[in-house]
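I have placed the structure first, in the form of structure tokens, so that the comments after it can refer back to it.
The values are calculated or read from the model by the stated rules, or taken from the named source; none is laboratory data. Everything quoted here is computed from the prediction, not taken from an experiment. Please note: Cβ atoms are built from the backbone with ideal geometry, for glycine as well, and neighbour counts cover all protein chains shown. Protein only, heavy atoms only, side chains kept; ligands, DNA and RNA dropped before computing areas. Shrake-Rupley method; radii C 1.70, N 1.55, O 1.52, S 1.80 Å.
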Amino acid sequence: MRTIASIVLLFCIAQPANAETGHELWLRIHGVDPVKVICSGNSPTLSIAVRELEQGWGGEAGASVVLAVKPDKSIKGDGYRLTASGVQANTELGILYGVYEMLRRQQTGQPNRETVSNPSYERRVLNHWDNPDGSVERGYAGRSIFWRGGDDSLVVTEKDRALWLEYARANASIGINGSVLNNVNASPQILSKQYLARVKEIADILRPYGIKTYLSVKFSSPSLLGGLKTSDPLDPQTVQWWEAKVKEIYSLIPGFGGFLVKANSEGQPGPQDYGRTHADGANMMADALKPYGGIVMWRAFVYRSEDKDRARQAYSEFMPLDGKFRDNVIIQVKNGPVDFQPREPFSPLFGAMKKTSVMPELQITQEYLGQSMQLVFLAPMWEECLKSDTYQEGPGSTVARSTDGSLFQQKHTAIAGVANIGLDANWCGHHFAQANWYAFGRLAWNNGLSSEKIADEWIRLTFAPNEKEPAAESKSAGWVGSLLIPVKEMMLQSREAAVNYMMPLGLHHIFAGNHHYGPGPWFAPKGIRSDWTSPYYHQADKDGIGFDRTRRGSNAVIQYHEPLASQFNDPTTCPEIYLLWFHHLPWTYKTKSGRTLWDELCYRYDTGVQQVRRFQKIWDRVEPHVDAQRFGEVQSKLRRHYRDAQIWKDACLLYFQQFSRLPIPYDIERPVNDLEDLMRIDLKLSHHN
Ligand code: GCV
């Protein structure tokens, strides 16, 4: 007996941890126990629900589970009720979501208590910035999963189908129910017959998983694709062109979701080219989609170089149009007023547009947060935005409530996330970037979830020892204390760390040009529009630093409801996290810590670097509990992450020091790089993507 035990033990120790590519995402735990599923109907969606239970059951062996589509007033939309005996819902999709939740509870060790769970938003949509040639704008995980260039670009292969199916399943498992398949900088080609044929193939695979297909459209498509003389939204021929196109789409794709439009923004065409308003443009499309139940998601991401403050512009342009949009138009608003920066206050449009449906747009792909090189868990950033109080209908008028229909009567509610998905084996480039996809889905379903809960679930699903593995037992010993707790802490701190080493105290948009990965506070090539340069945003000079958006400055503060307008206007009441967003202050200004502004900046940059160093140490210690492949890949990314955090600190402190002319406090590590070198190298050049 003892010999056998020793052999088994030896086997366990000697066995290298199985390599995992990360391709299975958070769905890597497979059940082993039998279950009997009793289902009240038969359909593609219900079959998926039954299969998921049979393949993933981790509850009592041999238990019976009843899936019942049965009306219940407390269940809304595709919500569900978990009961002692199974899942009840008003819709088949509700059953599927309930099943995924039931399995998630089993896999994360949560009790299967009787609960009703309703989605916060009707539409929970991924935006893919994928181009027809297969490239992905701001994509850091390989090429598009939907499109490719070349001669066979429109041929649908079995490999394509298999991947789209996995994609659909992953999304459904976290409640995502819509995908915009192409870039908002849209090619008119996407509406051509050939491309629509491929869209149909994708839509057919996504549909049973409850995922509606949407397309980004170029406003001038009637002229560019249809050969019309104009794309003026009030021109009858333009209207007819869109009506015919929409009819064609629905004949191919039943249940098509609608259009996403970037208009009169960053050079894209729009209704203003014809002297019309955003409302004219959006309503024209909305009318064409209305008979089929489709919607228009119209983006409010607009800014012009002539205006002296980019942060004010979306509000200035859209507020006068409040109440002028059809009820199947939703205005899609980025979480902050500028552009997905590591930290921005919430966009003042939230809660302010009271007669128009408004949806938040979050960026899952880490354009400004280290791309797929840096470990940055974004849920805390989104939670911060969703929980921000707009005060628009009194205290408690959070961004979440002002967009999910609980504050205003919105015919449709929605939330969008710019996807971080590509052909990389692990889908997202960085194993931890999967957590951001996961977090978006979970928050879209329940916008009150805490980042802590989401991180906890994701870590358990992604790294818990797989019980089927021979080495499971040795790996699971101490797993919670050695992996779950420290890794969760690391994830929860990671966004704040990024803010610290990139842009603390309200600084923003001081990136190297174009690629937005490394630091570039000096970035201001001759002839470029000023709002595309860094000095426009940091305004550093010998007297101080920061963008004056107070009443004496650009007066962007006025776009916020009281008490926020006054609070933001005064540096002593402005939350320090937004200090330099709203204020231009002297280098010697006293911050809350008692330090001068310059010293505080030094301290924050240094703290950020130290935080990443700590992440490295945390990760090094989890080695016994993670498979070798994922362990090594994350470890190597963290090495790069640390190096680049140091570069951020050195570049920003040495650059700003030219203006402050103050010493770096002695208790802070000196910069290890030279400013001239940092200004010469372009971090992106050594980026692997
Ligand atoms: C898709 C930023 C990005 C662009 C992006 C744009 C947008 O400016 O850098 O790549 O374009 O936002 O959201 O439309």
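Of all residue pairs spaced 6 or more apart or on separate chains, those with beta-carbon atoms under 9 Å, a first member in the range 655-681 that is part of a helix (DSSP H, G or I) and a second member that is open to solvent by 50 Å² or more (accessible area, probe 1.4 Å) and of a type in the set (Lys, Arg) are PHE659/LYS542; SER660/LYS542.
Would you call THR390 more than 16 Å from the ligand (Cβ to nearest atom), buried (at least 21 other Cβ atoms within 10 Å of the Cβ) and among the β-branched types (Val, Ile, Thr)? Taking the combined requirement at face value, the residue satisfies it. Determine whether GLY323 is farther than 24 Å from SER534 by Cα, surrounded by fewer than 23 Cβ atoms within 10 Å (Cβ to Cβ) and free of Cβ contacts under 8 Å to residues at least 60 places away in the same chain. Yes. Residue count for the range 331-355, restricted to those that are in contact with a Lys or Arg (Cβ under 9 Å, 6 or more places away or on another chain), away from the ligand (no atom under 16 Å from the Cβ) and open to solvent by less than 10 Å² (accessible area, probe 1.4 Å): 2.
What about ILE415, is it assigned to a strand (DSSP E or B), within 16 Å of the ligand (Cβ to nearest atom), crowded, with 23+ Cβ neighbours inside 10 Å and among the β-branched types (Val, Ile, Thr)? Yes: the conditions hold for ILE415. Screening the candidates MET285, MET297 for the property of being within 16 Å of the ligand (Cβ to nearest atom), outside any loop (DSSP other than H, G, I, E, B) and surrounded by 18 or more Cβ atoms within 10 Å (Cβ to Cβ) yields one hit, MET297. Residues in the range 531-557 that are within 14 Å of CYS574 (Cα to Cα) and either part of a helix (DSSP H, G or I) or open to solvent by less than 50 Å² (accessible area, probe 1.4 Å) (or both): GLY546, PHE547, ARG549, THR550, ALA556, VAL557.
Can you say whether LEU443 is at pLDDT 95 or above, part of a helix (DSSP H, G or I) and open to solvent by less than 10 Å² (accessible area, probe 1.4 Å), as far as the supplied structure shows? Taking the combined requirement at face value, the residue satisfies it. Inside the range 531-557, can you point out the residues that are under 16 Å from ASN514 (Cβ atoms) and among the polar types (S, T, N, Q)? Across the range 531-557, the qualifying residues are THR533, SER534. Candidates ARG276, ARG299: the one that is closer than 19 Å to VAL180 by Cβ and basic (Lys, Arg) is ARG299. Note on the range 180-193: residues that are within 16 Å of the ligand (Cβ to nearest atom) and small (Gly, Ala, Ser) amount to 2. Condition first: touching a Leu at 6+ places or on another chain (Cβ under 7 Å), within 17 Å of GLN410 (Cβ to Cβ) and either of a type in the set (A, V, I, L, M) or not in a strand (DSSP E or B) (or both). Can you find one or more residues in the range 359-370 that meet it? No, that holds for no residue. May I ask you to verify whether ALA279 is crowded, with 17+ Cβ neighbours inside 10 Å, among the small types (Gly, Ala, Ser), within 24 Å of THR213 (Cβ to Cβ) and away from the ligand (no atom under 16 Å from the Cβ)? It is false that ALA279 is crowded, with 17+ Cβ neighbours inside 10 Å, among the small types (Gly, Ala, Ser), within 24 Å of THR213 (Cβ to Cβ) and away from the ligand (no atom under 16 Å from the Cβ).
Residues that are open to solvent by 50 Å² or more (accessible area, probe 1.4 Å) and within 18 Å of ALA498 (Cβ to Cβ) do occur in the range 626-641, at least one of them. GLY226 fulfils the conditions (1) within 16 Å of the ligand (Cβ to nearest atom); (2) more than 20 Å from the chain's Cα centre (by Cα); (3) small (Gly, Ala, Ser) except for a single criterion, (1). Between ALA168, ALA172, the distinction of being more than 16 Å from the ligand (Cβ to nearest atom), aliphatic (A, V, I, L, M), within 19 Å of the chain's Cα centre (by Cα) and crowded, with 22+ Cβ neighbours inside 10 Å belongs to ALA172 only. Checking each residue in the range 482-523 for being under 17 Å from LEU654 (Cβ atoms) and open to solvent by 30 Å² or more (accessible area, probe 1.4 Å) picks out TRP522, PHE523. Scanning the range 231-239 for residues that are open to solvent by 40 Å² or more (accessible area, probe 1.4 Å) and closer than 19 Å to PHE408 by Cβ turns up nothing.
Out of all the residues in the range 311-324, is one or more of a type in the set (Asp, Glu) and within 16 Å of the ligand (Cβ to nearest atom)?
Within the range 311-324, one or more residues are of a type in the set (Asp, Glu) and within 16 Å of the ligand (Cβ to nearest atom).
Which residue is nearest to the ligand (Cβ to nearest atom), if the candidates are limited to the range 104-154 and must be of a type in the set (Lys, Arg), without any contact (Cβ under 8 Å) to a residue 40 or more places away in the chain and assigned to a loop (DSSP other than H, G, I, E, B)? The extreme case among them is ARG148. Of all residues assigned to the range 89-103, none qualifies as being open to solvent by 10 Å² or more (accessible area, probe 1.4 Å), at pLDDT below 95 and of a type outside the set (Val, Ile, Thr).
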